[in-house]
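Engineer: Supplied in structure tokens, the structure appears directly below.
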């Protein structure tokens, strides 16, 4: 019995001795792919891990793939620390491919290179090669497929580069499809005149938000206004925008591609540098004629000034004019309401639930209603009066009383019961419910408020 127990213990120890390194290795393998956005499927992750395993066993080269979380970035120092803490930098070659969400770009960091596989120029060619692969999908607009394609290319090419360096033959620029000159890496791909439908400009491709506004406050690409109307409207917009230090932007388009009206309005605001002052405060009103869509996008203090309830109130003024085709009138109504809302917000209490403007009192309406009511009452009384012409008028009340018809024999006051009803009246609230502005994130990562609809 003791022999069997000893044999069992020895077997278990042997299993643990051989299994633990395997578990540790698997943990290291998982850490080589740091996916902050959960970009890869399990199958894709397994495919990348297998390529990284093969490269490690053949050349002692460790590739690391790091995807930042949404609206964040990964610096070179962070990549070095991550690789050092996990022991990846101890291999003969360690290179990290990093995708940073906030810049929408791919970076390569050479953490350790005992193989002398790269110099600064060759690493730049490699980085640009991966960036070109990434931008070949939807012109660089983020997608999981684009990131996986670039990551797969990184594993394949790094494995070949490491094997070549291991044999004493580091690769040259010819390896990267004959790209010559550092200009090829430094220059941003030019899509002028070839932008896909719905893409705002090149700033959207690189997720760059300009410091200054690139467009006027009125852009009538759908040609809904005459030149005279545009001139007068733009002057009104500029005056009110400067008065409140808040950009009011109006944009008309024939089509916005596959984007929703809200997405296009947010992107147009961001990638054209719209907004007043250091906080880019403003509101944008978009009209798309293709599907008769409209959208409002707010940013900065525009989110506070134009609440959800306030925007619903504004619709009652500009929407009827949009539906009737009076676009100039609709835009003037929108700008006028923006002025009123800014004044109210600057006084300390933006228009919101329980605090919306009341309809203006009309004396003409009151007089008209009173006259109509008097006419109806006169007609009604005249009609019933004619029905009583056959009845003789009596001067005294006794004329209507029949003598001896009423005899009161006893008079008593008897209390029966008391019935009290109570109704709860909740305290009044000036808010009237949940107010404020709901927000969402645009493709640039910024937080916008707004609303949308059809006309």
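Engineer: Before we move on, is residue 34 in the same structural domain as residue 92 (by TED's automatic domain parsing), at pLDDT 90 or above and not in a helix (DSSP H, G or I)? Write out each step before concluding.
Structural biologist: Working: in the same structural domain as residue 92 (by TED's automatic domain parsing): yes; at pLDDT 90 or above: yes; not in a helix (DSSP H, G or I): yes.
So residue 34 passes the test.
For (1) closer than 17 Å to residue 454 by Cα; (2) in contact (Cβ under 8 Å) with a residue 24 or more places away in the chain; (3) within 19 Å of the chain's Cα centre (by Cα); (4) buried (at least 22 other Cβ atoms within 10 Å of the Cβ), each residue gets a yes or a no:
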{"position": "307", "(1), (2), (3), (4)": "no, yes, yes, yes"}
{"position": "311", "(1), (2), (3), (4)": "yes, yes, yes, no"}
{"position": "317", "(1), (2), (3), (4)": "yes, no, no, no"}
{"position": "323", "(1), (2), (3), (4)": "yes, yes, no, no"}
{"position": "334", "(1), (2), (3), (4)": "yes, yes, no, yes"}
{"position": "339", "(1), (2), (3), (4)": "no, yes, no, no"}
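Engineer: Any chance the stretch 345-352 includes a residue that's in contact (Cβ under 8 Å) with a residue 60 or more places away in the chain and in a loop (DSSP other than H, G, I, E, B)? Explain how you work it out, then say what you get.
Structural biologist: So in the stretch 345-352, the residues in contact (Cβ under 8 Å) with a residue 60 or more places away in the chain come out as 346, 352.
Within this subset, residues satisfying the condition of being in a loop (DSSP other than H, G, I, E, B) are 352.
For the stretch 345-352, residues in contact (Cβ under 8 Å) with a residue 60 or more places away in the chain and in a loop (DSSP other than H, G, I, E, B): present.
Engineer: Please specify each residue of the stretch 69-83 satisfying the condition of being out of contact with any helix residue (DSSP H, G or I) (no Cβ under 9 Å at 6 or more places or on another chain) and more than 23 Å from residue 50 (Cβ to Cβ).
Structural biologist: Going residue by residue through the stretch 69-83, those that are out of contact with any helix residue (DSSP H, G or I) (no Cβ under 9 Å at 6 or more places or on another chain) are 69-73, 75-79, 81.
Selection gives 69, 70, 71, 72, 73, 75, 76, 77, 78, 81.
Engineer: With the condition being outside the structural domain of residue 143 (by TED's automatic domain parsing) and either crowded, with 22+ Cβ neighbours inside 10 Å or in contact with a strand residue (DSSP E or B) (Cβ under 8 Å, 6 or more places away or on another chain) (or both), I'd like the helices (runs of 4 or more DSSP H) fully within the stretch 197-278 carrying at least 3 qualifying residues. Give the derivation first.
Structural biologist: Working: elements: 202-206, 227-244, 261-271.
Where helices (runs of 4 or more DSSP H) fall fully within the stretch 197-278 and carry at least 3 residues being outside the structural domain of residue 143 (by TED's automatic domain parsing) and either crowded, with 22+ Cβ neighbours inside 10 Å or in contact with a strand residue (DSSP E or B) (Cβ under 8 Å, 6 or more places away or on another chain) (or both), they are 227-244, 261-271.
Engineer: Report yes if residue 111 is touching a helix residue (DSSP H, G or I) at 6+ places or on another chain (Cβ under 7 Å) and within 29 Å of residue 445 (Cβ to Cβ), otherwise no. Step through it out loud before you land on a result.
Structural biologist: Values: touching a helix residue (DSSP H, G or I) at 6+ places or on another chain (Cβ under 7 Å): yes; within 29 Å of residue 445 (Cβ to Cβ): yes.
Considered against the rule, which asks whether it is touching a helix residue (DSSP H, G or I) at 6+ places or on another chain (Cβ under 7 Å) and within 29 Å of residue 445 (Cβ to Cβ), residue 111 comes out as yes.
Engineer: For the stretch 307-321, which positions are within 18 Å of residue 236 (Cβ to Cβ) and in contact with a strand residue (DSSP E or B) (Cβ under 9 Å, 6 or more places away or on another chain)?
Structural biologist: Taking the stretch 307-321 as the starting set, the residues that turn out to be within 18 Å of residue 236 (Cβ to Cβ) are 314, 317-318, 321.
Across the stretch 307-321, the qualifying residues are 314, 318.
Engineer: Might you let me know whether the stretch 42-63 holds any residue that is on the phi > 0 side of the Ramachandran plot, at pLDDT below 85 and either assigned to a loop (DSSP other than H, G, I, E, B) or crowded, with 19+ Cβ neighbours inside 10 Å (or both)? It would help to see each step written out before you state the result.
Structural biologist: Of all residues in the stretch 42-63, those on the phi > 0 side of the Ramachandran plot come to 60.
If we keep only those that are at pLDDT below 85 too, we end up with none.
The answer is no; no qualifying residue exists.
Engineer: To continue, here is another question. Could you go through the stretch 235-255 and let me know if any residue there is at pLDDT 95 or above and on the phi > 0 side of the Ramachandran plot.
Structural biologist: Scanning the stretch 235-255 turns up at least one residue that is at pLDDT 95 or above and on the phi > 0 side of the Ramachandran plot.
Engineer: Does the stretch 133-151 contain any residue that is farther than 22 Å from residue 41 by Cβ, assigned by TED's automatic domain parsing to the domain that holds residue 45, buried (at least 17 other Cβ atoms within 10 Å of the Cβ) and in contact with a strand residue (DSSP E or B) (Cβ under 7 Å, 6 or more places away or on another chain)?
Structural biologist: Checked against the condition, which is being farther than 22 Å from residue 41 by Cβ, assigned by TED's automatic domain parsing to the domain that holds residue 45, buried (at least 17 other Cβ atoms within 10 Å of the Cβ) and in contact with a strand residue (DSSP E or B) (Cβ under 7 Å, 6 or more places away or on another chain), the stretch 133-151 yields no hits at all.
The values are calculated or read from the model by the stated rules, or taken from the named source; none is laboratory data. Computed from a predicted structure; not experimentally measured. Every residue, glycine as well, gets a Cβ built from its backbone with ideal geometry; the counts of neighbours run over all protein chains shown.
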